[in-house]
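The values are calculated or read from the model by the stated rules, or taken from the named source; none is laboratory data. The structure displayed is predicted, hence computed values, not measured ones. Because the Cβ atoms are built from the backbone with ideal geometry, glycine has one as well, and the counts that use them run over all protein chains shown.
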Amino acid sequence: MGILIDGNNARVQIGNLRVDVAESNAIRVNGSNNRLDIFAFRAEYFNRLNNGSAAIHLANVGAGTPNQVYLGSPALLGNGNSGPLINGSTNGFVASAAPAGRIDRPGVMVGGLDTGISQPSTGNLVLSIGGAELMRVAPGTTSIGGVAGANALTVAAAGYRGWCVLEWECCLKRKEDGAAEGAPFIARAATARGVALVVTHAYSGYPMIREARALVPVSRLLRCVMRQPIHSAVVLAMASARLAP
């Protein structure tokens, strides 16, 4: 065995660690709330008893803070009789950590100072290239091409609330006609693409259209917003909707 921690609340930092030949574990951490930081770790010829021993064994903590091992680079394991990196029956963990960083200076940099992954706010992960946001993953949504609302594409989870918009132009028909034709069109287009819309909000002061088709779970549609250029009447039919589970 290379390292044994047999107490509680220990803090150990190691730059480079190589352990050669261990009957079972190269590192064993007992007790609770112990933290071991290793920049580079390599284990050779561990698990010599061939009993499934892991290179790192962390005791399970029933009450208290679990044990933790942070690695600055991927562990190198060799000749361990297929022993895993960490034992399975534990609530402790082995992880690599990085600062949150910024979009223009990511916490995890790849190939340059302004390209990589950052966490600009809680629950958000951003992939940036050249200091510009390319992709953002947030609870319920994944946006590509910029932040939500100023992006090229958003993929939403079930229950996401957003807008369904149709632009309709005609110099002969009224805005009410445009809304009446646009609302069913949105419903049919959504159904054809396998998207179930559930309208959750109605707006007063605008024409309201009811969609009676059984194929689409849309109960109430839509408000229409009017713009009037010189030679045409442009109608935006909009529904405040969420994706059905």
### Which listed residue, of Val137, Val126, is at pLDDT 90 or above, part of a strand (DSSP E or B) and hydrophobic (A, V, I, L, M, F, W, C)
Val126
### Query
Taking region 113-123, which residues are in contact (Cβ under 8 Å) with a residue 12 or more places away in the chain and in a loop (DSSP other than H, G, I, E, B)?
Asp114, Thr115, Gln119, Pro120, Gly123
### Query
Of all residues in region 74-108, which are surrounded by 12 or more Cβ atoms within 10 Å (Cβ to Cβ) and out of contact with any Leu (no Cβ under 9 Å at 6 or more places or on another chain)?
Leu76, Asn79, Gly80, Ala98, Ala100, Gly101, Arg102, Ile103, Gly107, Val108
### Of all residues in region 1-26 being in a loop (DSSP other than H, G, I, E, B) and over 35 Å from the mean Cα position of the chain (by Cα), the one that is farthest from Leu76 (Cα to Cα)
Gly7
### Query
Taking the condition among the small types (Gly, Ala, Ser), buried (at least 20 other Cβ atoms within 10 Å of the Cβ), out of contact with any strand residue (DSSP E or B) (no Cβ under 6 Å at 6 or more places or on another chain) and farther than 18 Å from Arg11 by Cα, does Ser118 pass?
no
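For (1) more than 17 Å from Glu23 (Cβ to Cβ); (2) in the same structural domain as Glu23 (by TED's automatic domain parsing); (3) without any contact (Cβ under 8 Å) to a residue 12 or more places away in the chain; (4) loosely packed, with under 15 Cβ neighbours inside 10 Å, each residue gets a yes or a no:
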residue	(1), (2), (3), (4)
Leu36	yes, yes, no, no
Ala43	no, yes, no, no
Phe46	no, yes, no, no
Asn60	yes, yes, no, yes
Asn67	yes, yes, no, no
